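J.: My questions all concern the structure below.
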Amino acid sequence: MNSLAPPAPDAAGTESAARRLSQPAPASDAVIVLKDLVKTYSSDAGEVRAVRGVHLTIERGDFVAIMGSSGSGKSTMMNILGCLDQASSGTYLLDGVDTSDLDANELADLRNQKLGFVFQGFNLLSRTTATENVELPLIYATRRLSADERADAAATELERVGLGQRLDHHPNELSGGQQQRVAIARSLVNRPAVLLADEPTGNLDSQTSDDIMKLFRELNDAGLTIIMVTHEPDVAAHARRTVVMRDGQIRSDDRREPPAAAPPPPPPPRGHSLFGFASLALNILATSVRALLRNKLRTILTALGIIIGVGAVIAMVAIGRGASAMIEDQIRGLGNNTLTVFSGQVFRGGVYRGYGGPGTLTVADSEAIGREISGVTSVSPETRSTERYQAEGLNWSGNVTGVAPSYFFIRDWPIAEGASFTEEDVRSMATVALIGQTVRDRMFPEGEVIGRTLRISNIPFQVIGVLDKKGAAPWGADQDDVVVIPYTTSMKRIIGTTWLRTINVKIGSPGQMAAAQEQINLLLRERHNISDPNMDDFSVRTSDEFIRMATETSRVMTYLLGSIAGVSLLIGGIGIMNIMLVSVTERTREIGIRRAVGARGRDIRLQFLTEAIVLSSIGGAIGVGLGIGTAHLLTRYFSWPAEVSTASVATAFGVSFAVGVLFGYFPAHKAAALNPIEALRHE
């Protein structure tokens, strides 16, 4: 039995997407029929007729050598026969299929199912093994095969051409003759009806050329139809029939031997492999990774924009969220379930006077709120002024706040040392004071504090307590830089006023806050004789309102920082598109090879789009790690509040993925639109 006889179809069975491509060949022995074939090209000099009314029939099992000088039209004929090009007019039947009305995808299917290509320059993919080169047509077969099925089929063909020991060798590890044998094995792996060979010995020495031609002859003797273009008469002598072309026409057609006996028709193609589609996806992914690893430095530099963009977005959003959380905690430190009534919101003489304007609240207003509003548990008037105070030769200027004893309960402000003043102290306008931690550190750096004297506006006050450390307020002020005294003492002996700055109100539960706020508004309007709410000379705010107002600014800043960082993602996407366009140019010949063995435009598009997505996704994953790590470092070593958000991580990574899709599509589309012939000719 001839070892080179084409085996019965097994793993390589295919089926076209177009129904007419899958119809059985007619009973006639003709595998190729050309009728009045014409191919015309347009140029600046006018129309050029490369093929002129060719009539040709090639029978199954024939071995035809097409010869002719340069410009004779034989290369154009080979392109048409290989479905890489289509005739301007006339009929071309390939194994019973009329190719004249097939679209680009149907032509790709036809090349994959019925044609095998052997090129003069071998056209093997570099940095891929012999097995992977031979598998190439199977990857794009309509009937998807698993990786193992493809590898077995490729190994079988390499064994048949004498390269069973070179399965894992790359093209640069093979001689010219061995590379041509790999190309022959690739052309046979899909069990083609016709083998097309374009100058198959043009780059080989005489001995290797003879070996290749003997191999062709053995394949033909086993029933394979072969069409070969050559300039060399001694190579053409191996064929059964020689067709000579000149000026786009057939000048002679000499047959020396009858066609070989054709093998029986193959059985119907097998069905899809169970994991065929997944195997195709994995193959595309592996090919993408290999392509990116070919230029590691370029890949890293391209991904750098995505890495920096994703990392910056996550870090900036984390800082913004951390700042918002810190502000919220600080505001909640002012007290839970609290309402604050501010004085001074009024229109006078057409001028709006906000908080800090002339006083409008009184002690009587405070008492009325505590007496008449449901849900109120505590009320404290509040005055505030900036005063100078001295103690034992030390001077300082700071806040002096006048309040009721309930103020510390309303503000949830514990007393670290000593005790608070009493209602009796308020009624008697006692000169007693509690001081914050900052005042203690500056005015009494050493020794016991309780019982010592602090002079405020030259009035001696006895220090009876030290407040617990509170920290910075949401607006940045140091809450511990304060001296707290009875509000009556502040109003009569320090400020000299009958007006209050604010009234602090504690509500029993969060559910009572809204009702209490509305009741206070109504009460004060009645007490201040205000009929138009727009003319209120006070304002009532809840702690939640403070949180919303304070965090809104922080949120805007977070969005701004995230948007600025997101510009890096845009730049990274442009970098990806640029590199992918370069990659398309560098790999144009590879694209032509893939199209020649049956890759559809969508396959090429998916290949390059996958590369862009892999590149952006890897960059996005690294950027996620960078952003989270940066946020933790800022918190740990610089005490910056940073709170990483799962949503920001998912969004940043999703955007990096989308960048790969958006900026990778144009290069992928450009690759898919390349003409197979022009791509194969690209240097």
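J.: Could you tell me which of the residues ASN172, ASN123 is in the same structural domain as VAL235 (by TED's automatic domain parsing) and either in contact with a helix residue (DSSP H, G or I) (Cβ under 6 Å, 6 or more places away or on another chain) or among the basic types (Lys, Arg) (or both)? Give the steps one after another, and end with the answer.
T.: Numbers: ASN172 fails: either in contact with a helix residue (DSSP H, G or I) (Cβ under 6 Å, 6 or more places away or on another chain) or among the basic types (Lys, Arg) (or both).
On inspection, the qualifying residue turns out to be ASN123.
J.: Further question: Residues in the stretch 80-131 that are at positive phi and in contact with a Gly (Cβ under 9 Å, 6 or more places away or on another chain): how many? Steps first, answer last, please.
T.: Residues of the stretch 80-131 at positive phi: 83, 90, 95-96, 122-123, 127.
This time we only want the ones that are in contact with a Gly (Cβ under 9 Å, 6 or more places away or on another chain), so: 90, 122-123.
Qualifying residue count, the stretch 80-131: 3.
J.: With the condition kept exactly as written, say whether any residue in the stretch 443-453 is at pLDDT 90 or above and under 26 Å from ILE503 (Cβ atoms).
T.: no
J.: Of the residues ALA621, ALA671, ALA642, which is over 30 Å from ARG191 (Cα atoms) and in a helix (DSSP H, G or I)?
T.: Details: ALA671 fails: over 30 Å from ARG191 (Cα atoms); ALA642 fails: in a helix (DSSP H, G or I).
From the options ALA621, ALA671, ALA642, the qualifying one is ALA621.
J.: Which residues, counting only those in the stretch 109-136, are more than 15 Å from GLY82 (Cα to Cα) and part of a helix (DSSP H, G or I)?
T.: Restricting attention to the stretch 109-136, the residues satisfying the condition of being more than 15 Å from GLY82 (Cα to Cα) are 121-136.
Scanning the stretch 109-136 gives ALA130, THR131, GLU132, ASN133, VAL134, GLU135, LEU136.
J.: Anything in the stretch 501-555 that is part of a strand (DSSP E or B) and modelled with pLDDT of 85 or more? List them, or say none. Talk me through it step by step, then tell me what you get.
T.: Of the residues in the stretch 501-555, the ones part of a strand (DSSP E or B) are 502-507, 538-542.
Scanning the stretch 501-555 gives THR502, ILE503, ASN504, VAL505, LYS506, ILE507, PHE538, SER539, VAL540.
J.: Output yes when any residue across the stretch 97-108 is assigned to a strand (DSSP E or B), under 23 Å from ARG60 (Cβ atoms) and outside the structural domain of ASN675 (by TED's automatic domain parsing), and no when none is.
T.: Narrowing the stretch 97-108 to residues assigned to a strand (DSSP E or B): 97-98.
Those still in the list that are under 23 Å from ARG60 (Cβ atoms) too: 97-98.
This time we only want the ones that are outside the structural domain of ASN675 (by TED's automatic domain parsing), so: 97-98.
Within the stretch 97-108 (the criterion being assigned to a strand (DSSP E or B), under 23 Å from ARG60 (Cβ atoms) and outside the structural domain of ASN675 (by TED's automatic domain parsing)), the answer is yes, since at least one residue qualifies.
J.: Could you list, in sequence order, all residues of the stretch 124-135 that are modelled with pLDDT under 90 and not hydroxyl-bearing (Ser, Thr, Tyr)? Even if it seems obvious, please write down each step before you answer.
T.: Our first condition is that a residue be modelled with pLDDT under 90; within the stretch 124-135, this holds for 125-128.
Hits for the stretch 124-135 are LEU125, ARG127.
J.: Taking ARG160, is it of a type outside the set (Val, Ile, Thr), in the same structural domain as ALA87 (by TED's automatic domain parsing) and within 19 Å of VAL597 (Cβ to Cβ)?
T.: Spelling it out, ARG160 is indeed of a type outside the set (Val, Ile, Thr), in the same structural domain as ALA87 (by TED's automatic domain parsing) and within 19 Å of VAL597 (Cβ to Cβ).
J.: Mind checking which residues of the stretch 165-209 are within 22 Å of ASN220 (Cβ to Cβ) and in a loop (DSSP other than H, G, I, E, B)?
T.: Selection gives VAL189, ASN190, ARG191, PRO192, ALA193, GLU199, PRO200, THR201, GLY202, ASN203, LEU204.
J.: For the stretch 142-158, give me the residue count where each residue is assigned to a loop (DSSP other than H, G, I, E, B) and in contact with a Pro (Cβ under 9 Å, 6 or more places away or on another chain).
T.: Within the stretch 142-158, the subset assigned to a loop (DSSP other than H, G, I, E, B) is 142-146.
Okay, now just the ones that are also in contact with a Pro (Cβ under 9 Å, 6 or more places away or on another chain), so 142-143.
Residues in the stretch 142-158 being assigned to a loop (DSSP other than H, G, I, E, B) and in contact with a Pro (Cβ under 9 Å, 6 or more places away or on another chain): 2 in total.
J.: Next question. Can you tell me which residues in the stretch 50-66 are buried (at least 22 other Cβ atoms within 10 Å of the Cβ), over 52 Å from the mean Cα position of the chain (by Cα) and over 19 Å from GLY223 (Cα atoms)?
T.: Answer for the stretch 50-66, where residues must be buried (at least 22 other Cβ atoms within 10 Å of the Cβ), over 52 Å from the mean Cα position of the chain (by Cα) and over 19 Å from GLY223 (Cα atoms): just VAL54.
J.: Let me ask something else about it. Working only within the stretch 15-44, note down all residues that are at pLDDT below 70 and either farther than 20 Å from GLN113 by Cα or among the hydrophobic types (A, V, I, L, M, F, W, C) (or both). Explain how you work it out, then say what you get.
T.: The initial filter retains those residues of the stretch 15-44 that are at pLDDT below 70, namely 15-28.
Listed by number, the residues that qualify are ALA17, ALA18, LEU21, ALA25, ALA27.
J.: Next question. Please verify whether the stretch 413-426 includes one or more residues that are farther than 12 Å from ILE485 by Cα, over 56 Å from the mean Cα position of the chain (by Cα) and in a strand (DSSP E or B).
T.: Yes, the stretch 413-426 contains a residue that is farther than 12 Å from ILE485 by Cα, over 56 Å from the mean Cα position of the chain (by Cα) and in a strand (DSSP E or B).
J.: Mind checking whether some residue in the stretch 481-500 is under 29 Å from ASN521 (Cβ atoms), surrounded by 15 or more Cβ atoms within 10 Å (Cβ to Cβ), at pLDDT below 90 and under 60 Å from the mean Cα position of the chain (by Cα)?
T.: No, the conditions are met nowhere in the stretch 481-500.
J.: Taking THR558 as meeting all but one of (1) at pLDDT 75 or above; (2) of a type outside the set (Asp, Glu); (3) closer than 30 Å to ILE618 by Cα; (4) crowded, with 20+ Cβ neighbours inside 10 Å, write down the number of the exception.
T.: Only one criterion is unmet by THR558, namely (1).
The values are calculated or read from the model by the stated rules, or taken from the named source; none is laboratory data. Owing to the predicted nature of the structure, the values given are computational and were not obtained by experimental measurement. Glycine also receives a Cβ, built like all others from the backbone with ideal geometry; neighbour counts cover every protein chain displayed.
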